[in-house]
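Heads up: the structure comes next, in structure tokens.
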Amino acid sequence: SIDRQAAETNGVIVCGTEGSSNPPTELTWALILGLSRQLVTENNALRSNRNWQSTVGMDLYGKTLGLLGLGKIGSRMAQIAQAFGMKVVAWSENLTQASAEEQGVQWAETKKQLLEQSDIVSIHLVLSDRTRNLIGRAEFQWMKNTALLINTSRAGIVDQEAMVEALQNEWIAGAGLDVYEQEPLPVNHILRTLPNLLATPHIGYVTQGNYAIYFNHTVEDIEMFLKGTPIRQLLSKK
């Protein structure tokens with residue numbers, strides 16, 4: 001990350017690029033579907049000539065999706081869940097009942113209320129002092145033992161040790177991850193071995209469409225800076 005305040009103090013102009021929120025939304029649903037229908041397990045079994053139809057999948061229709069955060073990505077997640085026929089409930093510290101209901105989403109008054117009723121919990125929050133370790137040992141024990149946790153947002157929002165404990169002891173049924181405290185994930189890391197974890201190497205925004213946006217905006221940023229009229233400037237939060 002860039003210290004924007006230091007950049008401003010030293011007269012350094014910092015410009016950014018935009019991107020689409022659709023790719024991380026799509027990846028989140030890929031993880032949900034992969035876990036709920038045991039796609040990796042079934043694919044591996046088929047390729048190695050093991051049991052035919054070895055698992056029983058979880059229906060999404062009629063289940064409850066709990067969203068921690070109802071911003072741009074969270075809102076898109078809600079729309080797709082509703083298309084699947086799921087009930088959607090959302091919570092964050094600054095989410096109001098009126099804002100949730102505008103999107104046809106049930107508002108959870110507390111984090112515990114959301115976790116206790118959700119079949120799938122998906123995280124869509126920024127990492128801050130308030131959200132760091134938002135999901136810890138106590139929170140995992142509030143969740144259903146059939147529930148899935150999905151984190152494509154920021155690793156620090158979930159206490160990693162607590163998550164490993166929850167998966168090993170089957171406090172929850174499984175988890176889908178795209179973000180980690182250390183990246184790349186060390187070769188011998190325990191997260192590489194858990195059978196009820198579906199993991200991807202931080203590819204939420206990694207799509208052809210997004211890269212086209214990033215590269216085009218980078219060239220535009222440079223061109224406009226050289227012309228003396230910089231665009232997409234990132235200012236510090238004073």
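Numbers at a glance
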item: Count - residues of the range 152-174 that are of a type in the set (S, T, N, Q) and in contact (Cβ under 8 Å) with a residue 60 or more places away in the chain; result: 2
item: Among the residues listed as Glu161, Glu139, Glu116, the single one being over 23 Å from Leu60 (Cβ atoms), modelled with pLDDT of 95 or more and among the acidic types (Asp, Glu); result: Glu161
item: Failed item, numbered, when Gly209 is tested on (1) in a loop (DSSP other than H, G, I, E, B); (2) among the small types (Gly, Ala, Ser); (3) surrounded by fewer than 17 Cβ atoms within 10 Å (Cβ to Cβ); result: (1)
item: Members of the range 161-179 that are of a type outside the set (A, V, I, L, M, F, W, C) and surrounded by fewer than 18 Cβ atoms within 10 Å (Cβ to Cβ); result: Glu161, Glu165, Gln168, Asn169, Glu170
item: Residues located in the range 90-121, provided they are farther than 21 Å from Arg137 by Cα and among the hydrophobic types (A, V, I, L, M, F, W, C); result: Leu95, Ala98, Ala100, Val105, Trp107
item: Set Thr17, Thr64, Thr25: member being surrounded by 17 or more Cβ atoms within 10 Å (Cβ to Cβ), modelled with pLDDT of 95 or more and out of contact with any strand residue (DSSP E or B) (no Cβ under 7 Å at 6 or more places or on another chain); result: Thr25
item: Among the candidates Ala100, Ala81, Ala90, residue that is assigned to a helix (DSSP H, G or I), in contact with a Phe, Trp or Tyr (Cβ under 7 Å, 6 or more places away or on another chain) and surrounded by 17 or more Cβ atoms within 10 Å (Cβ to Cβ); result: Ala100
item: Of residues in the range 42-78 being part of a helix (DSSP H, G or I) and touching a residue at least 40 places away in the same chain (Cβ under 8 Å), the one nearest to Gly204 (Cα to Cα); result: Ile73
item: Qualifying residue in the range 40-61 (condition: surrounded by 15 or more Cβ atoms within 10 Å (Cβ to Cβ), among the small types (Gly, Ala, Ser) and closer than 30 Å to Thr229 by Cβ); result: no
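Residue-by-condition table, conditions (1) touching a helix residue (DSSP H, G or I) at 6+ places or on another chain (Cβ under 9 Å); (2) under 30 Å from Glu18 (Cβ atoms); (3) of a type in the set (Ser, Thr, Tyr):
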residue: Thr131; (1), (2), (3): yes, yes, yes
residue: Gln141; (1), (2), (3): yes, no, no
residue: Ala173; (1), (2), (3): yes, no, no
residue: Asp178; (1), (2), (3): yes, yes, no
residue: Tyr214; (1), (2), (3): no, yes, yes
residue: Thr218; (1), (2), (3): no, yes, yes
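Yes or no, residue by residue, for (1) part of a helix (DSSP H, G or I); (2) in contact (Cβ under 8 Å) with a residue 60 or more places away in the chain:
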residue: Gly176; (1), (2): no, yes
residue: Glu181; (1), (2): no, no
residue: Leu191; (1), (2): yes, no
residue: His202; (1), (2): no, no
residue: Tyr205; (1), (2): no, yes
residue: Asn216; (1), (2): yes, no
residue: Val219; (1), (2): yes, no
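The values are calculated or read from the model by the stated rules, or taken from the named source; none is laboratory data. In this text the structure is predicted, and so the values were computed from the model without any measurement. Using ideal geometry, Cβ is built from the backbone for each residue, glycine included, and neighbour counts are taken over all protein chains shown.
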